[in-house]
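A short worksheet on the structure shown next.
No lab work stands behind these numbers, since they all come straight from the coordinates. In this text, all values refer to a predicted model and were calculated from it rather than measured experimentally. Here Cβ is always computed from backbone atoms with ideal geometry, including for glycine, and neighbour counts include all displayed protein chains.
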């Protein structure tokens with residue numbers, strides 16, 4: 001029988017004169033299959049009815065004969081659980097969620113975006129208070145726009161871990177504070193507003209992660225220095241060096257206010273590839289080549305008198321500027337934001353694993 005005749009015999013409206021023995025066989029099989037399907041459905045319904053009847057009988061027994069006993073047992077159980085919870089440390093009773101999981105970072109990003117607090121100046125921030133000593137108010141801060149919200153979320157994990165350990169507050173802002181300039185310039189406005197409330201403001205770029213929370217940067221503070229920054233190096237024999245404003249600690253003083261204003265007013269560097277960092281380098285006496293090559297150390301200006309250069313571990317990058325035991329791993333710009341997020345997450349996971357191993 002050809003394919004056309006088979007298709008024709010499978011139709012329910014085939015005229016009687018075209019119905020063959022083969023058609024009746026196929027029709028009989030179709031009816032038998034439909035009957036089997038219905039029988040299976042009926043069997044499942046019967047099973048469900050039996051199960052429902054059993055549960056109903058169980059419920060009747062509980063309600064009629066022993067409901068008060070069940071209630072008493074539940075009350076005793078809740079009492080025991082409450083007693084145990086009060087007796088055990090909270091850390092052992094809670095299961096910590098992975099702060100670097102996709103869901104956790106997405107939730108963190110939404111929290112940062114929502115901006116839950118405000119500075120006295122009215123600037124909305126995501127502010128977390130961990131300060132232990134009210135005599136010196138300290139805050140770690142970072143800022144980025146929506147394009148860098150992913151890296152900022154990852155960065156904030158390390159900031160909060162460090163702040164919890166050393167008693168710093170954490171302030172995060174999402175968005176530019178001056179749309180007329182690239183986002184990097186907003187760090188000056190953010191730091192300036194935070195200095196209205198804090199004695200010490202520690203800025204960390206959104207593409208950097210704290211990988212060692214043990215060292216306390218406050219131990220580096222001297223009474224005659226107001227700015228703490230790392231000077232990066234390039235491979236020999238160039239001898240090029242430059243301070244990097246990706247990680248900077250500011251102390252509140254008239255000198256700091258004047259420095260921030262001086263950097264802000266160097267408008268010729270607004271669109272320079274290094275933005276406000278270039279203005280800082282120029283004020284400090286570094287020579288800025290026009291060809292984009294690394295800066296050349298020059299004669300230090302008077303601004304450098306209150307600047308303290310700290311170790312590479314506080315802003316560790318790559319090659320000659322990579323520290324053996326970094327406190328902050330500054331990843332920097334990458335081909336895509338996704339690549340940057342992957343590298344930052346990897347650094348933080350390794351750091352957390354090392355920290356757990358040290359504690360145990």
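Is segment 117-185 rounded, prolate or oblate when judged by the Cα gyration tensor, a ≥ b ≥ c being the square roots of its eigenvalues, rounded requiring a/c under 1.5 and prolate requiring a/b larger than b/c? It comes out oblate by the Cα gyration axes. For the peptides 103-114, 220-231, residues were scored by their other Cβ atoms within 10 Å and the scores averaged per peptide; the highest-first order is 220-231, 103-114.
For residue 40 and residue 103, a Förster radius of 45 Å and the Cβ-Cβ distance give a FRET efficiency of 0.65, rounded to the nearest 0.05.
Which shape class applies to segment 148-267: rounded if a/c is under 1.5, otherwise prolate when a/b exceeds b/c and oblate if not, where a ≥ b ≥ c are the square roots of the Cα gyration tensor eigenvalues? Mind dumping the intermediate values first?
Numbers: a/c = 1.13, a/b = 1.04, b/c = 1.09.
Rounded is the answer for segment 148-267, as its axis ratio a/c remains below 1.5.
Ordering 250, 284 from the fewest to the most neighbouring beta carbons within 10 Å gives 284, 250. With a Förster radius of 30 Å applied to the beta-carbon distance between residue 119 and residue 309, the computed FRET efficiency rounds to 0.50. Residue order for 148, 24, fewest other beta carbons within 10 angstrom first, comes to 24, 148.
Each Cα pair under 8 Å and six or more residues apart adds its sequence gap; the mean of these over the residue count of segment 120-181 is a relative contact order of 50 percent. The simple Förster model, with R0 at 30 Å and r as the Cβ-Cβ distance, assigns residue 223 and residue 325 a FRET efficiency of 0.65. Distance between the 7 Å Cα→Cβ label points at residue 350 and residue 271: 3.8 nm.
Expressed in nm to one decimal, what extension gain is obtained for the pair residue 262 and residue 338 from 0.36 nm per residue of sequence separation less their Cα-Cα distance? Mind dumping the intermediate values first?
Numbers: separation 76, 0.36 × 76 = 27.36 nm, distance 3.53 nm.
Separation in residues times 0.36 nm, less the Cα-Cα distance, equals 23.8 nm.
Is segment 102-359 best put as rounded, prolate or oblate by its Cα gyration tensor, with a ≥ b ≥ c the root eigenvalues, rounded for a/c under 1.5, and otherwise prolate when a/b is larger than b/c, oblate when not?
Working: a/c = 1.33, a/b = 1.20, b/c = 1.11.
Since a/c stays below 1.5, the shape of segment 102-359 is classed as rounded.
Measure out, as a whole number of angstrom, how far apart the alpha-carbon centroids of segment 166-183 and segment 218-253 sit. A separation of 20 Å, based on Cα centres. Between segment 108-158 and segment 271-317, the C-alpha centres lie 27 angstrom from each other.
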